[in-house]
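To start, the structure under review is shown below, and the notes come after it.
The values are calculated or read from the model by the stated rules, or taken from the named source; none is laboratory data. From a predicted model like this one, the values you see are computed outputs, not experimental measurements. Here the Cβ positions follow ideal geometry from the backbone for every residue, glycine too, while neighbour counts run over all protein chains shown.
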Amino acid sequence: MEGSAQPPVRLRQDRALAPVVRRMLLSAAGFVAIVVTGLALIAPGAHLYELAHKIGMTADQYFVVQNIYLGWWFAGLLLPAAFLANCTLATVARHDRAALALALMAAALIALNLVIFMIWTQPANAATDNWTVRPDNWEILRRQWEYSHAINAGVTFAAFCAATLAGLRAAARTSS
């Protein structure tokens, strides 16, 4: 059988495994993007739900309530994780235009969330030393802080929808 055009057995086995590995990567990347983006939605969603009750509080009430957020910086780490997860899904799903576009949209929306946070939320945190100091313009800062979180709830929800659609599309493509 010398001179045969057949590739070695090992190479044939590697080629046979490639589609299986690709399907596993697509499924795993989709799952992680959906879960991490969903987890990133929890904190802004909580801020949105409590907005109506907090926006009219007196200064004393508001500054007491704001203490519940000490340590919430940890939840903020989910945003870069969601960004990376959606970028990973976009990379793995790059051969499927719709899944690629949806994953990139999710990543872009997460990036927008971070921009909104840095422009409106973080300056309010800094001006109030994380709501332990009451400046004269605290009501303006409260509105800025509350509404930036409310907007980010919508932005993150849209990112979650895009990540879910990208992940479902990638999973559907792997099963066909």
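Close contacts from segment 160-171, counting a first residue that is closer than 14 Å to THR37 by Cα and free of Cβ contacts under 8 Å to residues at least 60 places away in the same chain and a second that is of a type in the set (Ser, Thr, Tyr) and in a helix (DSSP H, G or I), with Cβ to Cβ under 8 Å and a gap of 6+ residues or different chains, come to none at all.
THR128 falls short of the stated requirement of being out of contact with any His (no Cβ under 6 Å at 6 or more places or on another chain), under 13 Å from ALA163 (Cα atoms), hydroxyl-bearing (Ser, Thr, Tyr) and touching a residue at least 12 places away in the same chain (Cβ under 8 Å). The set of residues in segment 58-78 being touching a residue at least 60 places away in the same chain (Cβ under 8 Å) and either within 18 Å of TYR147 (Cα to Cα) or not hydrophobic (A, V, I, L, M, F, W, C) (or both) consists of ALA59, TYR62, PHE63, GLN66, ASN67, TYR69. Note on segment 58-102: residues that are surrounded by 15 or more Cβ atoms within 10 Å (Cβ to Cβ) and among the acidic types (Asp, Glu) total 1. Any residue that is at pLDDT below 95, among the charged types (D, E, K, R), surrounded by 11 or more Cβ atoms within 10 Å (Cβ to Cβ) and part of a helix (DSSP H, G or I) - is there at least one of those in segment 15-31? Yes, there is a match, as at least one residue in segment 15-31 is at pLDDT below 95, among the charged types (D, E, K, R), surrounded by 11 or more Cβ atoms within 10 Å (Cβ to Cβ) and part of a helix (DSSP H, G or I). Filtering segment 40-52 to residues that are among the aliphatic types (A, V, I, L, M), under 16 Å from the mean Cα position of the chain (by Cα) and surrounded by 15 or more Cβ atoms within 10 Å (Cβ to Cβ) leaves ALA40, LEU41, ALA43, ALA46.
One residue stands out among those in segment 109-118 that are of a type outside the set (S, T, N, Q) and either in contact (Cβ under 8 Å) with a residue 24 or more places away in the chain or in contact with a Pro (Cβ under 6 Å, 6 or more places away or on another chain) (or both): the one that is nearest to ALA158 (Cα to Cα), which is LEU109.
Taking ILE55 as the residue in question, decide whether it is surrounded by fewer than 16 Cβ atoms within 10 Å (Cβ to Cβ), of a type in the set (Val, Ile, Thr), touching a residue at least 40 places away in the same chain (Cβ under 8 Å) and within 18 Å of ASN152 (Cα to Cα). So ILE55 fits the description; yes.
Among the residues of segment 115-141, write down those that are surrounded by fewer than 18 Cβ atoms within 10 Å (Cβ to Cβ) and touching a Leu at 6+ places or on another chain (Cβ under 6 Å). Scanning segment 115-141 gives a single hit, ALA127. Checked against the criteria, VAL133 counts as among the aliphatic types (A, V, I, L, M) and under 26 Å from PHE63 (Cβ atoms).
The criterion of at least 3 residues that are of a type in the set (Ser, Thr, Tyr) and within 30 Å of ARG22 (Cβ to Cβ) is met, among helices (runs of 4 or more DSSP H) falling completely within segment 61-176, by 138-175. Among the numbered conditions (1) within 21 Å of ILE151 (Cβ to Cβ); (2) in contact (Cβ under 8 Å) with a residue 60 or more places away in the chain, the only one that ALA98 does not meet is (1).
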